[in-house]
């Protein structure tokens, strides 16, 4: 399978997993995806994640999170910047997601962080995805 956008693949797998009410999903591992998973965990969108060895490049096992009545914690995830159309923003123009209820994940010169952290740090970057 030819993978041109591994981040979009990860986002799609999480979105599908949440809609199917799965407890966990696996995505092929990479440093960038591990950083995205770390932010989703820190912001409370997923329960946990860990690296598992599959004999190839390794996989990230992401444990999805739900409310007490199996309500979704993640309503939706959207890929913003795509390989064919990268989307960048300066430090003063980081957009708000869902009126401030959601988060955006940016890849900056100082690493992967949320839009809020990037604004605080005073850096802009590539908007990887929006989560709410």
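The values are calculated or read from the model by the stated rules, or taken from the named source; none is laboratory data. If you're wondering where the values come from, they're calculated on a predicted model, not measured in any experiment. Because the Cβ atoms are built from the backbone with ideal geometry, glycine has one as well, and the counts that use them run over all protein chains shown.
Looking at 80, 73, which one is modelled with pLDDT of 95 or more and either out of contact with any helix residue (DSSP H, G or I) (no Cβ under 9 Å at 6 or more places or on another chain) or exposed (fewer than 13 other Cβ atoms within 10 Å of the Cβ) (or both)?
From the options 80, 73, the qualifying one is 80.
Please state which one of 73, 112, 80, 131 is under 23 Å from residue 23 (Cβ atoms), within 12 Å of the chain's Cα centre (by Cα) and touching a residue at least 24 places away in the same chain (Cβ under 8 Å). Outline the logic, then answer.
On the way: 73 fails: within 12 Å of the chain's Cα centre (by Cα); 112 fails: under 23 Å from residue 23 (Cβ atoms); 80 fails: under 23 Å from residue 23 (Cβ atoms).
None of the other options fit; the residue is 131.
From (1) more than 17 Å from residue 131 (Cα to Cα); (2) part of a strand (DSSP E or B), pick out the condition that doesn't hold for residue 22.
(2)
From the residues in region 30-58 that are assigned to a loop (DSSP other than H, G, I, E, B) and more than 17 Å from residue 107 (Cα to Cα), which one is nearest to the chain's Cα centre (by Cα)? Talk me through it step by step, then tell me what you get.
If we filter region 30-58 for residues that are assigned to a loop (DSSP other than H, G, I, E, B), which is where we start, we get 30, 43-45, 53-58.
Subset that is more than 17 Å from residue 107 (Cα to Cα): 44-45, 53-58.
Details: 44: 12, 45: 9, 53: 21, 54: 22, 55: 25, 56: 23, 57: 20, 58: 18 Å.
Among residues in region 30-58 that are assigned to a loop (DSSP other than H, G, I, E, B) and more than 17 Å from residue 107 (Cα to Cα), the one nearest to the chain's Cα centre (by Cα) is 45.
Sort out which residues of region 1-28 are free of Cβ contacts under 8 Å to residues at least 40 places away in the same chain, over 13 Å from the mean Cα position of the chain (by Cα) and buried (at least 18 other Cβ atoms within 10 Å of the Cβ), and write them in order of number.
Across region 1-28, the qualifying residue is only 25.
Within region 59-70, track down each residue that is surrounded by fewer than 18 Cβ atoms within 10 Å (Cβ to Cβ) and either outside any strand (DSSP E or B) or touching a helix residue (DSSP H, G or I) at 6+ places or on another chain (Cβ under 6 Å) (or both).
Within region 59-70, 65, 67, 68, 69, 70 meet the criteria.
Among the residues of region 59-70, how many are more than 12 Å from the chain's Cα centre (by Cα) and touching a residue at least 24 places away in the same chain (Cβ under 8 Å)? Working first, answer last.
Here is the first cut: in region 59-70, the ones more than 12 Å from the chain's Cα centre (by Cα) are 59-61, 63-70.
Adding the requirement that they be touching a residue at least 24 places away in the same chain (Cβ under 8 Å) leaves 59-61, 63-64, 66, 70.
Counting residues in region 59-70 that are more than 12 Å from the chain's Cα centre (by Cα) and touching a residue at least 24 places away in the same chain (Cβ under 8 Å) gives 7.
State yes or no: is residue 19 farther than 24 Å from residue 111 by Cβ and in contact with a helix residue (DSSP H, G or I) (Cβ under 7 Å, 6 or more places away or on another chain)?
Judged against the criteria, residue 19 is not a match.
Could you run through region 99-123 and say how many residues are surrounded by 19 or more Cβ atoms within 10 Å (Cβ to Cβ) and part of a loop (DSSP other than H, G, I, E, B)?
1
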